[in-house]
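In what follows, a structure is listed as structure tokens, so that the remarks can point back to it.
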Amino acid sequence: QVHLVESGGGLVQAGGSLRLSCVASRSGFSFNIMGWYRRAPGKQRELVADMTTGGTPNYADSVKGRFTISRDNVKNMVYLQMNSLKPEDTAVYYCVGSRAGNDYWGQGTQVTVSS
């Protein structure tokens, strides 16, 4: 069994930055795709960004130009650098890893952006 553990959430003022990190609990368990979703209060979960093993990123339109996803395939980690944060970015952010048709989710980390 493998678990994903996020860190780096917190409270930040609008315009500020945060960096989220996610690590898989089992080394050698590689994911085809790793990424980030978020769920804001009263809204459905949405994709923020993901990245293939080869390094091809994919971003939601709402975060393009502000967020950058990266991953370290050796360490089995994925990161999300979030700049120019807006109050509407407030949400619980979840790390996800996909492998062989299965998705593995982290427990989530809260990001709160104050105006």
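A short reminder: the numbers here are calculations on the coordinates, not readings from a lab. Note that the structure is predicted; figures quoted are calculated from it, not measured. Cβ coordinates were reconstructed from backbone atoms using ideal geometry, including for glycine residues, and neighbour counts include every protein chain displayed.
Report the label-to-label distance for K75 and S62 in nanometres (one decimal), using points 7 Å from each Cα along the Cα→Cβ vector.
Those two pseudo-labels are separated by 2.9 nm.
Any lysines with Cα under 22 Å of the K64 Cα? List them, leaving off those in the same chain fewer than 8 positions away.
Cross-link targets: K43, K86.
At a Förster radius of 25 Å, what calculated FRET efficiency corresponds to the Cβ-Cβ distance of A100 and S17, to the nearest 0.05?
Calculated value: 0.10.
Using a Gaussian network model of the chain with C-alpha springs under 10 Å, which one of Q13, Q81, Q44 is most mobile by mean-square fluctuation?
The residue with the greatest mean-square fluctuation here is Q44.
Test of understanding: extend the Cα→C-beta vector of N83 to 7 Å, then name every residue of segment 43-76 with backbone N under 13 Å from that spot.
Correct set: 64-69.
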